[in-house]
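First comes the structure, then the notes that go with it.
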Amino acid sequence: MGEWQPVESNRNFWNPEKEGEELIGKITEIADGMYGKRFTIETKKDGKEEMIAMPSHKVLQSRLSMCAIGDEVKIVFTGTQPPKVRGENPTKLYDVFKKA
């Protein structure tokens, strides 16, 4: 049997922590995932194209649902809201802007 080789993904995962963090790019994929729609955004970092998978946060999915493949978007993490049910994670809040 052969040796084990690492499996690498061509996508990174965006998980903002600080208010005001933003991501700008073009939606390249919308797929059904286990926790709802899964959006992939192509962005440029240091002049290099990068594919970024969006988290499955409800607020973000709701806002991105108004967008389509090919749309240029700007996503801004605006903070968190305490959970409505004790013991659950706080709700992450986002603003999404679409280029006209």
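The values are calculated or read from the model by the stated rules, or taken from the named source; none is laboratory data. Values in this document were obtained by computation on a predicted structure and should not be read as measured data. Quick reminder, even Gly has a Cβ in these numbers, built from the backbone with ideal geometry, and neighbours come from all protein chains shown.
Numbers below:
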| quantity | calculated |
| --- | --- |
| Matching option when the condition is within 12 Å of the chain's Cα centre (by Cα) and either loosely packed, with under 11 Cβ neighbours inside 10 Å or of a type in the set (Lys, Arg) (or both), among Lys98, Lys74 | Lys74 |
| Only one of Glu50, Glu42 that is out of contact with any Leu (no Cβ under 9 Å at 6 or more places or on another chain) and in contact (Cβ under 8 Å) with a residue 24 or more places away in the chain | Glu50 |
| Some residue of the stretch 73-81 being at pLDDT 90 or above and touching a Cys at 6+ places or on another chain (Cβ under 7 Å) | yes |
